């Protein structure tokens, strides 16, 4: 097993208790049905009632205001990211037994690794996300987008958009980026499914076991794949990481290379699927704004930023305090888990004018907090927004009459962080 305290996933212990003097909310949870259905009015009310409070049902201190969220993100020595991949709640013994396999030992590498190791590893991962690498992916994203649209046009209507487009494109894109062979795409998609439920939801013990078995199988695949790149490198991210390790093993260890590859496919897949779907959920019902994008593609980039603000695919993130501190006038002891409420901060009235209006022309749309801030700013943000822009460019060109099927139920997976429809029916 990996060295204790440096594991990629660490199961939490007992639910934390409220800091002395901190307001307590005894009822609210981000897993409540009404919050999952539409978090924004509730998030606004929570922010107005108490900018910082302890959520008893969740066991976290909840931070609602943009200025306080920024303070947490820009002070990593006090607010560590070591808990961001951990399950929110204690895991079932049956699932823990699966993950206790002697060869399941990924280590924390990027989102959940503190300094100074985070900076050491990020030098190499940031190089992999260079403009050159993104330029090499752009033709693939464009070609695959048009191929998927061709398949949609050749099939019946209405179409389920996630299966037809929004799920395959991000997965295949990040797999090509890493270097996974196309022949393994379906297997990899299956293994990566439901990870958000394991780390950010409250799955049943049976569901936890199934997800854990997929995580173990995927880790073993990543280890074998990384080993293959030592003997047969290519023009891909995995080969670059292996080469960096071989050149200087102290800069990035072999286990860290394996772990970066293990973590990247989920981060570059599920959230981007949600982002693409959220683009359609926000734009298609507002036909005037959709038609403007069809007439003027130069508006698409800012439209994507507004989607990320208004209906983000990631509406929260986590931290844990490493020392006693004070935030927003509330004393918070070391070891306190922190819930950063993007759903509130991204619609804060003194930051964004008329924040509950969706506006593709919003001047400061890019000032949203959905990709984080500071040393742990999302490494894949540029790739995610590039994919969304290229997708909208293709859809507005090829399917300007695209629309949502009326009166369809829209629901999101029950988890505290990732938001996007589980089904989306479209027609044209």
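Each row is one residue, and each column tells you yes or no for (1) within 21 Å of residue 173 (Cα to Cα); (2) modelled with pLDDT of 95 or more.
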{"residue": "374", "(1), (2)": "no, no"}
{"residue": "393", "(1), (2)": "yes, yes"}
{"residue": "398", "(1), (2)": "yes, yes"}
{"residue": "406", "(1), (2)": "no, yes"}
{"residue": "411", "(1), (2)": "no, no"}
{"residue": "414", "(1), (2)": "no, no"}
{"residue": "425", "(1), (2)": "no, yes"}
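Within the range 24-39, count every residue that is surrounded by 12 or more Cβ atoms within 10 Å (Cβ to Cβ), touching a helix residue (DSSP H, G or I) at 6+ places or on another chain (Cβ under 9 Å) and without any contact (Cβ under 8 Å) to a residue 40 or more places away in the chain.
Residues that pass the stated criteria total 5.
Of all residues in the range 232-242, which are exposed (fewer than 15 other Cβ atoms within 10 Å of the Cβ) and either part of a helix (DSSP H, G or I) or within 26 Å of the chain's Cα centre (by Cα) (or both)? Lay out the reasoning, then the answer.
Keep residues of the range 232-242 that are exposed (fewer than 15 other Cβ atoms within 10 Å of the Cβ), which gives 232, 234-235.
Across the range 232-242, the qualifying residue is only 235.
Per-residue answers, yes or no, for (1) part of a helix (DSSP H, G or I); (2) in contact (Cβ under 8 Å) with a residue 60 or more places away in the chain; (3) farther than 30 Å from residue 341 by Cβ:
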residue: 227; (1), (2), (3): yes, no, yes
residue: 230; (1), (2), (3): yes, no, yes
residue: 251; (1), (2), (3): no, yes, yes
residue: 261; (1), (2), (3): yes, yes, yes
residue: 298; (1), (2), (3): yes, no, yes
residue: 301; (1), (2), (3): yes, yes, no
residue: 308; (1), (2), (3): yes, yes, no
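Return yes or no: is residue 255 part of a helix (DSSP H, G or I), touching a strand residue (DSSP E or B) at 6+ places or on another chain (Cβ under 7 Å) and either farther than 28 Å from residue 29 by Cβ or modelled with pLDDT under 95 (or both)? Give the steps one after another, and end with the answer.
On the way: part of a helix (DSSP H, G or I): yes; touching a strand residue (DSSP E or B) at 6+ places or on another chain (Cβ under 7 Å): yes; either farther than 28 Å from residue 29 by Cβ or modelled with pLDDT under 95 (or both): yes.
Yes; evaluated as a whole, the condition is true for this residue.
As an exercise: evaluate residue 105 against (1) modelled with pLDDT of 95 or more; (2) surrounded by fewer than 22 Cβ atoms within 10 Å (Cβ to Cβ); (3) touching a helix residue (DSSP H, G or I) at 6+ places or on another chain (Cβ under 8 Å); (4) in a loop (DSSP other than H, G, I, E, B) and give the number of the one condition it does not meet.
Of (1) modelled with pLDDT of 95 or more; (2) surrounded by fewer than 22 Cβ atoms within 10 Å (Cβ to Cβ); (3) touching a helix residue (DSSP H, G or I) at 6+ places or on another chain (Cβ under 8 Å); (4) in a loop (DSSP other than H, G, I, E, B), only one is false for residue 105: (1).
Can you name the number of the only condition in (1) at positive phi; (2) buried (at least 20 other Cβ atoms within 10 Å of the Cβ) that residue 258 fails?
Single failed check for residue 258: (1).
When you go through (1) outside any helix (DSSP H, G or I); (2) surrounded by fewer than 18 Cβ atoms within 10 Å (Cβ to Cβ); (3) touching a residue at least 12 places away in the same chain (Cβ under 8 Å) one by one for residue 357, which number turns out not to apply?
Among (1) outside any helix (DSSP H, G or I); (2) surrounded by fewer than 18 Cβ atoms within 10 Å (Cβ to Cβ); (3) touching a residue at least 12 places away in the same chain (Cβ under 8 Å), the lone unmet condition for residue 357 is (3).
Kindly establish whether residue 349 is out of contact with any strand residue (DSSP E or B) (no Cβ under 9 Å at 6 or more places or on another chain) and over 19 Å from residue 371 (Cα atoms).
Numbers: out of contact with any strand residue (DSSP E or B) (no Cβ under 9 Å at 6 or more places or on another chain): yes; over 19 Å from residue 371 (Cα atoms): yes.
Taking the combined requirement at face value, the residue satisfies it.
One residue is enough: does the range 111-133 have a residue meeting the conditions part of a loop (DSSP other than H, G, I, E, B), over 24 Å from residue 238 (Cβ atoms) and at pLDDT 95 or above?
At the first step, the residues of the range 111-133 found to be part of a loop (DSSP other than H, G, I, E, B) are 111-116, 129-130.
Filter again for over 24 Å from residue 238 (Cβ atoms), leaving 114-116.
Adding the requirement that they be at pLDDT 95 or above leaves none.
No; the residues of the range 111-133 include none that is part of a loop (DSSP other than H, G, I, E, B), over 24 Å from residue 238 (Cβ atoms) and at pLDDT 95 or above.
Within the range 190-209, restricting attention to residues that are in a helix (DSSP H, G or I), buried (at least 16 other Cβ atoms within 10 Å of the Cβ) and free of Cβ contacts under 8 Å to residues at least 40 places away in the same chain, which residue is nearest to the chain's Cα centre (by Cα)?
Applying the first criterion (in a helix (DSSP H, G or I)) to the range 190-209 yields 190-192, 195-200, 205-209.
Now narrow it down to the ones that are buried (at least 16 other Cβ atoms within 10 Å of the Cβ): 191-192, 195-200, 207-209.
Okay, now just the ones that are also free of Cβ contacts under 8 Å to residues at least 40 places away in the same chain, so 191, 207.
Numbers: 191: 17, 207: 21 Å.
My answer is 191.
Do you know which residues across the range 163-188 are in a helix (DSSP H, G or I), touching a residue at least 60 places away in the same chain (Cβ under 8 Å) and within 18 Å of residue 225 (Cβ to Cβ)? Steps first, answer last, please.
Here is the first cut: in the range 163-188, the residues in a helix (DSSP H, G or I) are 163-166, 168-178, 182-188.
With the extra rule that they be touching a residue at least 60 places away in the same chain (Cβ under 8 Å), the set shrinks to 165-166, 169-171, 173-178, 188.
Scanning the range 163-188 gives 171, 173, 174, 175, 176, 177, 178, 188.
Which ones in the range 282-321 are surrounded by fewer than 18 Cβ atoms within 10 Å (Cβ to Cβ) and closer than 17 Å to residue 162 by Cα?
Within the range 282-321, 284 is the sole residue that qualifies.
Being over 30 Å from residue 343 (Cα atoms), surrounded by 22 or more Cβ atoms within 10 Å (Cβ to Cβ), at pLDDT below 95 and under 21 Å from the mean Cα position of the chain (by Cα), is that true of even one residue in the range 135-150?
Initial filter on the range 135-150 (over 30 Å from residue 343 (Cα atoms)): 135-140, 142-144, 146-150.
Going one step further and asking which of them are surrounded by 22 or more Cβ atoms within 10 Å (Cβ to Cβ), we end up with none.
Checking the range 135-150: not a single residue is over 30 Å from residue 343 (Cα atoms), surrounded by 22 or more Cβ atoms within 10 Å (Cβ to Cβ), at pLDDT below 95 and under 21 Å from the mean Cα position of the chain (by Cα).
The values are calculated or read from the model by the stated rules, or taken from the named source; none is laboratory data. Small disclaimer: the values here were computed from a predicted structure and weren't measured. Using ideal geometry, Cβ is built from the backbone for each residue, glycine included, and neighbour counts are taken over all protein chains shown.
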